[in-house]
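Below you'll find the structure, written out as structure tokens, and then a few comments.
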Amino acid sequence: MSYFAAGGPVIPNFGGGSSSFACERANRLFCTHWLSQNWDSVLWPALRQHVVLTVIAVSIGFVVSTTLAVIAHRRGWVERPVLIITSILYTIPSLALFEILQGVPGFGLSATTAEVALVSYTLLIMFRNTLTGLREVPDEVRDAAAGMGFGPSQTLLRVELPLALPAIIAGVRIATVTVISLATVASLVDNEGLGVPILSAISNNVFKTELISAGVLAVALALLSDALLIRLQRRLTPWSRAS
Amino acid sequence: MPKSHNAPDEGSSSFPQAASLELRDVSKRYPNQKEPAIVELSLEIPAGEVCVLVGPSGSGKTTAMRLINRMIALSSGDILLGGQSVLKRDPTKLRREIGYVIQQIGLFPHQTVAENIATVPKLLGWERDRVNRRVEELLSLIGMDPEEIGPRYPAQLSGGQRQRIGVARALASDPPLMLMDEPFGAIDPITRSRLQDEFLSLQARVRKTVVFVTHDIDEAIKMGDKIAILRQGGKLAQYGPPEEILTDPADDFVAEFVGADRALKRLGLSTLANVDLVAPNGLRPGTNRVALTASVRDALSQLLAGGGEPLTVVDDNDDVVGLATLELLGGVLADGGLHTEEQGAGDRA
């Protein structure tokens, strides 16, 4: 499971005519036969790997950025350095970052390299959203919490973080869609995910069926994740729709 | 733990009834400010009384209140709750024993009304059944249907309802002391007046020691058993029952603060039942009637509006108990209203 499907995808050979199907030989826009032949061996494993890549990157990014946001919420001076560093990470072109990271000793062409790069793109978004959410908790709510005998950590866990949830989940949504998109590029350093069939299609005279299949899957995954996160937010914050 | 007043409560409270509160030479200086916020403030508030801190902005009334539950640290002096120094207590534990109501209410928007009210009992580790019983009891106490209002979120309530829930939440653990910072300040006048009346009748039942902050002298007169008037710079100008403050202002500042109409305000404190009415002998009851429970001030107003025709005072059964004439009420006004002329006549109430 960890290594990409043995033998690789069945790549039509346009010139040699090894494929017996006219559609693929002619590299028409979309060949359903290729899809059904390669779903189990190529696309489905790539999709699963893509989901795993994304979930790991967003989860690590979530923990790191939420922790940083909570610290910055308590100690204001932390905000600036974190913003500067995460902004720089966010603006490095993804191809360049993958290239730089795989040159670092111990990284190389590995899942670690891919995940580190993907995580670095989530930090700015989720840090800023979570910090904004925490800061937008009304002063009187915080005052009432303290006045009723909440300690600082109780205020954080029972009042501030719950009230920041809409902003936090909004950050998770953007980060998730961003990672799903960038993870296709990550297959350059880690032979996993929907980037693999995309690259193979490109390197094979732009085999349209494979390119479109993998591309559409990536887009569908992004849309589905976003929809699920919206549902999660509605479930977790029933109060935000009350009025 | 004897419980005398709180009839609707069946053993769900965690604290004894009310506690006395004493501020001893309390001062507050902020590091970056030349002038202190509070200067040697001393107040004794007996258990079960409402003490209103009133004064213009900058008089430190909110600061003084927040010193009590240690939301602000005092610079010198001591505060005793039930005879025990609050400085020796852990601040978060202390605050769980003190009801806290602020003008902006500060209900938790992400929690239902029932969850909001349950906040302090849950912090105190009450069992779920006891918490639920207490929540229902409090919602009933403030005249709300637990089934209907309990599951709502604060955003689904009106301003007046939210303020009532704020008071209920502060009462949840049956605390011996309540701190209320302009609790009815952000509410329209009609609702405010109703909430004030509701709170007074609630207070008559639960008998808390209450520290109530307002900038509105009329509210202070209405709500307070005692009023502490603070002047700029956190100095106590006068401390006493409303009657005393209106009859005998300590100085020009107090006189000006309570207003030139303080004589009329004082009439607002008494009802016709406190006045020796003119016997109806010979005089026929007129059509212009007033209830015995009306304030002298309202009766005077009605009298003047009626061109000075005597009012027929009736009791609950609509029986005529006497007449109120302009002369009579004017006499009451003269007795108590002008402290320059007072010679023992001011103690009629």
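Nothing in this text is a laboratory measurement; each read-out follows from the coordinates by a stated rule. Given the structure is predicted, the values throughout are model-derived calculations rather than measurements. Heads up, the Cβs are rebuilt from the backbone with ideal geometry, glycines too, and the neighbour counts pull from every protein chain shown.
What dipole magnitude, in Debye to the nearest 20, does chain B give about its Cα centre under +1 on Lys/Arg Cβ and -1 on Asp/Glu Cβ?
1640
Among A:Ala69, A:Ala175, A:Ala26, determine the one that fluctuates most according to a GNM of chain A built with springs between C-alpha atoms less than 10 Å apart.
Maximum fluctuation in the GNM of chain A, among the listed residues, is at A:Ala26.
What residue among A:Gly108, A:Gly76, A:Gly171 has the largest mean-square fluctuation in a Gaussian network model of chain A, using Cα springs under 10 Å?
A:Gly76
Mind checking which of B:Pro151, A:Asn204, B:Leu87 is farthest towards the positive end of the protein assembly as shown's charge dipole, using Cβ charges of +1 (Lys, Arg) and -1 (Asp, Glu) about the Cα centre?
It is A:Asn204.
Would you mind telling me which residue in A:Gln154, A:Gln102, A:Gln49 has the biggest mean-square fluctuation in a Gaussian network model of chain A, where springs connect alpha carbons within a distance under 10 angstrom?
Judging by the Gaussian network model, the answer is A:Gln154.
Give me the base-10 log of I(q)/I(0) for region B:61-204 at each q in 0.10, 0.18 Å⁻¹, Debye formula, one uniform scatterer per Cα, rounded to two decimals.
The Cα Debye sum returns log10 ratios of -0.35, -1.08.
Please list log₁₀ I(q)/I(0) at q = 0.16, 0.24, 0.25 Å⁻¹ for region A:86-139, using the Debye equation with identical point scatterers on the alpha-carbon positions.
-0.54, -0.86, -0.91
Whose amide H sits under 5 Å from the amide H of B:Leu230, counting only residues 5 or more places off or on another chain, with H placed in the peptide plane?
Here B:Val54, B:Gly55, B:Ala237 satisfy the definition.
What stretch of chain A, leaving out the sites themselves, is the longest with no trypsin sites (Lys or Arg not before Pro) in a DSSP loop having at most 13 other Cβ atoms within 10 Å?
The longest uninterrupted stretch comes out as A:76-243.
Work out how far the C-alpha atoms of the protein assembly as shown reach from end to end along every principal axis, then list the three figures in whole Å, largest first.
129, 55, 46
Check the straight Cα-Cα distances from B:Lys235 and name the lysines below 28 Å, setting aside those fewer than 8 residues away within the same chain.
B:Lys28, B:Lys34, B:Lys61, B:Lys88, B:Lys208, B:Lys222, B:Lys226, B:Lys265
Let me know the longest stretch in chain A that avoids all chymotrypsin sites (Phe, Trp or Tyr not before Pro) found in a DSSP loop with at most 16 other C-beta atoms within 10 Å.
Looking at chain A, A:31-243 is the longest stretch - no exposed chymotrypsin sites (Phe, Trp or Tyr not before Pro) with at most 16 other Cβ atoms within 10 Å.
Give a quick list of GluC sites (Glu not before Pro) in region B:53-158 that DSSP marks as loop, anything other than H, G, I, E or B, with at most 14 other Cβ atoms within 10 Å.
Answer by residue number: B:Glu127.
In chain B, what is the volume of the convex hull around the alpha carbon atoms, normalised per residue and reported in Å³?
Output value, Cα hull per residue: 168 Å³.
From the Cα trace of region A:55-96, what convex hull volume per residue do you get, rounded to a whole Å³?
Roughly 58 Å³ of hull volume per residue.
Within 10 Å of each Cβ in A:139-145, how many Cβ atoms from other chains are there, averaged over the peptide?
Rounded to a whole number, the mean comes out at 6.
Based on DSSP H runs of at least 4 residues, each adding -39500 (n - 2.57), what is the mean residue ellipticity at 222 nm of chain A after dividing by all its residues, to the nearest 500 deg cm²/dmol?
Taken over chain A, the calculation gives -22500 deg cm²/dmol.
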